[in-house]
Amino acid sequence: MHVRLQSLQRVAAISRTRFRNGLEDCFAGADAQRELYIEQRQWIELQLKQAVNTASLYKALGGSWEDAPVPNAPVAAAATSPRQ
C-alpha cells in the first residue's frame, strides 16, 4: 500500500485516540480524517487511470475485446449457415 496512505491512517488513528483521552479537540481528528480521505480518493483515481491505460495499451497493440464463448450457449447463426 502507498506509504503516505499508511502514514495518514496512523495519524488519523492517533488523533482519534488523543480525542477519546481528552488530549485533542475534534477538529484535529476531523482534519486528519479529511486528509486520509483525500489521499484514499487520489489512490483510487490512480489505480483507475492505470487500469484504463493498461486496457488502452492492450487495445492499441491489437488486443481483442471479443467475449469468450459461453459453455452451453446456443450456436451463433453465422456458424450454422451453409458455407459458400
Note: probe point = Cα of LEU46 + 7 Å toward Cβ; backbone nitrogen < 15 Å; residues of segment 1-23 passing the test are 1-9
Given backbone amide H placed at 1.01 Å from N, residues whose amide H is under 5 Å from that of GLU24, ignoring those fewer than 5 places away on the same chain, are PHE19
One quarter of the C-alpha convex hull surface, i.e. the mean projected area of segment 3-60 in nm², amounts to 4.0 nm²
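Every number in this text was worked out from the coordinates using simple rules, so none of it is lab data. The model shown is predicted, which means the values in this text are computed figures rather than measured ones. Please note: Cβ atoms are built from the backbone with ideal geometry, for glycine as well, and neighbour counts cover all protein chains shown.
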